[in-house]
Amino acid sequence: MRIRTDDDVYRVDAVWLGPPKATFPWRARYVAWGVGFVVFLLTLTVERQLGIGFGFFSTAWGFVVTIGVTRLITSRISHERPLGAVLSMWFRELTTPREQVTGDGGAVSAAKIRVRTERPRPNRAGQRVREARR
């Protein structure tokens with residue numbers, strides 16, 4: 001007896017192919033359209049902040065960057081890991097406490113180490129104990 005899972009339901013992507021009888025030549029999920037719109041606005045904002053004027057080529061490069069970033073983001077998103085989970089994981093990864101890698105103290109100095117002029121002598125009491133054990 002074989003038990004069928006419900007994976008077939010989730011294999012179908014919610015995609016919008018365009019208006020009826022005039023579909024787009026590519027498939028894009030609904031979440032990709034939303035992510036792409038936000039990424040495009042952010043890309044145009046960054047271009048303006050960098051001093052790049054609004055023109056044909058700047059907008060075209062904005063589309064190219066938007067497509068690349070949107071594909072990168074949506075490749076990490078699925079029905080098992082939705083956009084909200086990916087964003088919260090990214091936020092928690094950036095804000096988590098980190099191990100402190102720098103020391104708290106200052107420079108190391110040997111000024112507090114005592115130095116004797118004579119060589120230390122062996123302890124006679126320790127030698128007697130060792131002889132008694134034999």
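Just so it is clear, none of the values below were taken in a lab; they were calculated from the coordinates. Note that the structure is predicted; figures quoted are calculated from it, not measured. Neighbour counts run over all protein chains shown; Cβ positions are idealised from the backbone, glycine included.
Any idea which residue in region 40-49 is nearest to Arg29 (Cα to Cα), counting only those that are of a type in the set (A, V, I, L, M, F, W, C) and surrounded by 14 or more Cβ atoms within 10 Å (Cβ to Cβ)? Filtering region 40-49 for residues that are of a type in the set (A, V, I, L, M, F, W, C) and surrounded by 14 or more Cβ atoms within 10 Å (Cβ to Cβ), the one nearest to Arg29 (Cα to Cα) comes out as Phe40. Considering region 74-99, the residues that are basic (Lys, Arg) and within 15 Å of the chain's Cα centre (by Cα) include one that is nearest to Val35 (Cα to Cα), namely Arg76. Among the residues of region 50-80, the ones that are closer than 13 Å to Val31 by Cβ and not β-branched (Val, Ile, Thr) come to 5 in all. Please find, within region 80-102, the residue that is surrounded by the fewest Cβ atoms within 10 Å (Cβ to Cβ) out of those that are charged (D, E, K, R) and assigned to a loop (DSSP other than H, G, I, E, B). This residue is Glu99.
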